[in-house]
Structures are given as C-alpha cells and as structure tokens.
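Asks: Structure below; questions to follow.
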Amino acid sequence: MNDAPIGIFDSGVGGLTVARAVLDLLPNESIIYIGDTAHSPYGPKPLAQVRKLAIDVMDRLVEKGVKMLVIACNSASAAVLRDARERYTVGRGVPIVEVVLPAARRAVAATHSGRIGVIGTQATVDSRAYNDALAVVPGMEIFSQACPEFVEVVEAGITTGPRVLELARGYLEPLLEMDIDTLILGCTHYPLLAGVISYVMGDKVTLVSSADETARDVYRTLVAQDLLRDPDAGPVHHRFVSTGDNDVFLRLARRFLGPEVDQVEREMRSEPVA
C-alpha cells in the first residue's frame, strides 16, 4: 500500500489548492484527484444530496486502490465525515483526512482573543461544521460569513482588481466589526484570494488556510500509519479526473495547480440514487 496513490476529491477544482499543498509537502507521493464537476458546486445543495455524491466519488477512489482519502471540500466534509470514517476507515482500513478539523485546530492555536471568523460557502456556514469543531475548546467565539461569489470570481480567473476588492469589503467588514483576530478560509477556493482578504482584514488578523493545514494532517497520518512512499520507488504519477467538461477542468486546474496537470481523464457519472 505504501506505493499506492493518495485519493483527493472535491466538487470541482477548488480542492486542487489542497492537492498543491500536499504535493509541496510530500513531493514523493502520487495522487489521484477527482473533480466532480458534473455536480459542482456542492455548496448550495442539501446536505443529504452532498452526502450521496461524496460517497459515490469516494467509492470510486477506493476502487482505484488509494491508500488514503482526502476530502478536499468543505461542503462534503461537513456532510459526510462521520459516515465516511465508518465506511472506509473502519470498514476498509483506509484513513481519511478532511479540511474542517485541521483548520479549526490551527485557528485555536493562532487566536489570542478567542474571537475567530469563518468564511465559506452557504452550505458550509449553514452546516455549522466549524462551530462544532471549535465548540470543544472553552472560550471560543465564532463569527461566520458566507461568501458565495468568491468561488465565481476565482473560477473566472479574477483574483485582484476593483470587483474582487468590493466583494471582499462587503463580505468581510461585518467580521471586522466583530473584532476577530483569526480568520479561517473555509473554502478551498479562497487561498487564491488570500492577498485581497489579508488586505481588507489587516495585519492584526491571522489567516488560516484549510488547504495548508489539511496537507499537514496528510503528512502526519502517513507517518503515523507507516504509509509514506519509499523515496527509491521511482517517479511519481498523478492522475486528474473530471466528471464534467474536460477542457474547462484542464484550464482551471492549471490555474489552481500548475503544470503538473498535463491531461485530464473523464468519468461519466449520473447522480447516485438513494
């Protein structure tokens, strides 16, 4: 199993920020990435529907022989984590890392005031996944803000300029009024907007990227379970799979990840039935 790839999935391309962080931290590991672009975005969908979609994708990754599953999607993490651990870790021995708990832990370590902001999709905010993760630590006050148009501008390739700055101010000023000192970027698209978010929030607010913190958890899990790939095992091989339009995925994937994405496979899928 040590030579097996790491399986990473998201509803689209945002999870490639997690894949980028994993490859930077673990350049000797191979990955298989599935972007479920046929059903993207997950954010506005009901949690029950997201759960079905996510389980279907993870079943496919496990069938491909991955040694670990990474849920690189905040909406899916909020919807499916408990079921996924029962199905894959307990049932199949495949460890799972997701994006919510690693970022929550880092935010707790970073905050001095205990006043933590969370930005994400509407589904992530409505799920209260970060609130639940942070509630176990006494004294934490959580302030959440949905930022749905951030995903749209990132996928359009617009990460700077007047439109993005106006959006950021509109979304983030209510959090500034709450006097937070730490802000969780609770969507994997948002690291590409870290510049404008940091500008609006100011130097006194620490940004926590769920992508970076998830990659650190991937590293820790591989070490703890003795699953690191042998450095002498030969060259790595990465596979990128889209369930929707390949050309659109490839264009966006190169923006999110870089030249590692040289081709994209397509897997047709219909929405799973209950």
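Asks: When only residues in segment 87-129 that are in a loop (DSSP other than H, G, I, E, B) and of a type in the set (A, V, I, L, M) count, which is surrounded by the fewest Cβ atoms within 10 Å (Cβ to Cβ)?
Replies: Ranking the qualifying residues of segment 87-129, first place goes to Val94.
Asks: Where residues in segment 1-50 are in contact with a Cys (Cβ under 8 Å, 6 or more places away or on another chain) and part of a strand (DSSP E or B), which of them is nearest to Glu149 (Cα to Cα)?
Replies: Asp10
Asks: Only one of Leu193, Leu252, Leu183 is farther than 24 Å from Ser40 by Cα and either within 22 Å of the chain's Cα centre (by Cα) or not assigned by TED's automatic domain parsing to the domain that holds Leu61 (or both); which?
Replies: Leu183
Asks: Another question about this same structure. Given (1) touching a strand residue (DSSP E or B) at 6+ places or on another chain (Cβ under 6 Å); (2) not assigned by TED's automatic domain parsing to the domain that holds Ser127, identify the lone condition not met by Leu175.
Replies: The one condition Leu175 does not meet is (2).
Asks: Looking at (1) free of Cβ contacts under 8 Å to residues at least 40 places away in the same chain; (2) surrounded by 18 or more Cβ atoms within 10 Å (Cβ to Cβ); (3) among the β-branched types (Val, Ile, Thr), which one does Val136 not meet, given that it meets all the others?
Replies: That leaves (2) as the condition not met.
Asks: Specify the residue that is farthest from Tyr33 (Cα to Cα); the eligible residues are those in segment 241-268 that are surrounded by 15 or more Cβ atoms within 10 Å (Cβ to Cβ) and without any contact (Cβ under 8 Å) to a residue 12 or more places away in the chain.
Replies: Going through the qualifying residues, I end up with Arg251.
Asks: Right, next: Restricting to segment 55-73, and then to whatever is more than 20 Å from Gln225 (Cα to Cα) and under 13 Å from the mean Cα position of the chain (by Cα), can you tell me which residue is surrounded by the fewest Cβ atoms within 10 Å (Cβ to Cβ)?
Replies: Only one residue tops the list, namely Ala72.
Asks: Check whether at least one residue in segment 160-168 is under 23 Å from Glu149 (Cα atoms) and of a type in the set (D, E, K, R), and report yes or no.
Replies: yes
Asks: How many residues are closer than 19 Å to Met58 by Cβ, at pLDDT below 95 and outside any loop (DSSP other than H, G, I, E, B) when one looks only at segment 215-248?
Replies: Final tally of qualifying residues: 4.
The values are calculated or read from the model by the stated rules, or taken from the named source; none is laboratory data. What you see is a predicted model; the values in this text were computed from it and never measured. Note that we place each Cβ from the backbone using ideal geometry, even for glycine, and neighbour counts take in every protein chain shown.
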